[in-house]
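The values are calculated or read from the model by the stated rules, or taken from the named source; none is laboratory data. Remember, it's a predicted structure, so these values are computed and weren't measured experimentally. Please note: Cβ atoms are built from the backbone with ideal geometry, for glycine as well, and neighbour counts cover all protein chains shown.
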Amino acid sequence: MQARLEAQKVSPAAYQAMLGLEMFVLKRSKLEPALIQLVKVRASQINGCAYCIDMHSKDARAEAETEQRLYALSAWEETPFFTDRERAALALTEAITVVREGHVPDAVYEMAKKSFSEVELVNLTLAIITINGWNRLAITFRFVPGEYQPGRK
């Protein structure tokens, strides 16, 4: 496989702007790193982004995420492996990622509101938006999965 183009080289300023939002989510959102990785993997699964699934499952493992939870992530509602807070984040991730199908139902929003403060809710939404943006870049330009190693961003 070969990428169609390297977005970071073709438009470095735009790429840096995306990285700015990514760095906010990772460093300043005050959301748990493990939660952020679960959101990233789940959105990437829904979008079918092999590059991001590979990257964020590796990052999740580097953050001590278990194989069991990663394998069960696509069926999280059917397992006892996730906390109420994680379930709320995953439900919101799914609703935002497929926003055309239901426009973030009130029940999903209310569940998230019970588990997250208003600031956390905004920051979680930005995390979900960010990974969806990365998915679309990676899918469009066919970033090649498999070579990413945690710590070498």
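Quick check, is ALA107 touching a residue at least 24 places away in the same chain (Cβ under 8 Å) and either more than 15 Å from SER44 (Cα to Cα) or surrounded by 15 or more Cβ atoms within 10 Å (Cβ to Cβ) (or both)? Working first, answer last.
Details: touching a residue at least 24 places away in the same chain (Cβ under 8 Å): no; either more than 15 Å from SER44 (Cα to Cα) or surrounded by 15 or more Cβ atoms within 10 Å (Cβ to Cβ) (or both): yes.
Answer is no for this residue.
Looking only at segment 94-101, decide whether some residue is farther than 18 Å from ALA34 by Cα, among the polar types (S, T, N, Q) and at pLDDT 95 or above. Yes, there is a match, as at least one residue in segment 94-101 is farther than 18 Å from ALA34 by Cα, among the polar types (S, T, N, Q) and at pLDDT 95 or above. When segment 37-59 is filtered for residues that are out of contact with any His (no Cβ under 8 Å at 6 or more places or on another chain), closer than 9 Å to ASN135 by Cβ and among the hydroxyl-bearing types (Ser, Thr, Tyr), only TYR51 remains.
Considering every residue within segment 48-61, establish whether at least one is modelled with pLDDT of 95 or more, assigned to a loop (DSSP other than H, G, I, E, B), surrounded by 15 or more Cβ atoms within 10 Å (Cβ to Cβ) and under 13 Å from the mean Cα position of the chain (by Cα). Break it down stepwise before answering.
Initially, segment 48-61 is screened for residues modelled with pLDDT of 95 or more, giving 48-61.
Applying the additional criterion that residues be assigned to a loop (DSSP other than H, G, I, E, B) yields 48-49.
From what's left, surrounded by 15 or more Cβ atoms within 10 Å (Cβ to Cβ): 49.
Now restrict to residues that are under 13 Å from the mean Cα position of the chain (by Cα): 49.
Yes, because at least one residue in segment 48-61 is modelled with pLDDT of 95 or more, assigned to a loop (DSSP other than H, G, I, E, B), surrounded by 15 or more Cβ atoms within 10 Å (Cβ to Cβ) and under 13 Å from the mean Cα position of the chain (by Cα).
Residues in segment 3-39 that are under 19 Å from ARG142 (Cβ atoms), assigned to a helix (DSSP H, G or I) and not β-branched (Val, Ile, Thr): ALA7, GLN8, LYS9, ALA14, TYR15, MET18. Looking across segment 129-153 at every residue that is β-branched (Val, Ile, Thr) and assigned to a helix (DSSP H, G or I), the one that is farthest from ALA95 (Cα to Cα) is identified as THR140.
Among the residues of segment 30-60, those that are in contact (Cβ under 8 Å) with a residue 40 or more places away in the chain, at negative phi and charged (D, E, K, R) comprise LYS40, ARG42, ASP54, LYS58, ASP59.
To keep it simple, each residue is scored yes or no on (1) touching a strand residue (DSSP E or B) at 6+ places or on another chain (Cβ under 7 Å); (2) surrounded by 12 or more Cβ atoms within 10 Å (Cβ to Cβ); (3) closer than 30 Å to ARG85 by Cβ.
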| position | (1), (2), (3) |
| --- | --- |
| GLN8 | no, yes, no |
| ALA13 | no, no, no |
| VAL25 | no, yes, yes |
| LEU31 | no, yes, yes |
| ILE36 | no, yes, yes |
| ARG42 | no, yes, yes |
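Please find, among LYS40, LYS58, the residue that is touching a helix residue (DSSP H, G or I) at 6+ places or on another chain (Cβ under 7 Å) and of a type in the set (Lys, Arg).
Numbers: LYS58 fails: touching a helix residue (DSSP H, G or I) at 6+ places or on another chain (Cβ under 7 Å).
On inspection, the qualifying residue turns out to be LYS40.
In segment 73-88 there is no residue that is of a type in the set (Val, Ile, Thr), at pLDDT 95 or above and buried (at least 21 other Cβ atoms within 10 Å of the Cβ).
Can you give me the number of residues within segment 21-61 that are of a type in the set (Lys, Arg) and under 20 Å from ALA75 (Cβ atoms)?
Residues meeting the conditions: 3.
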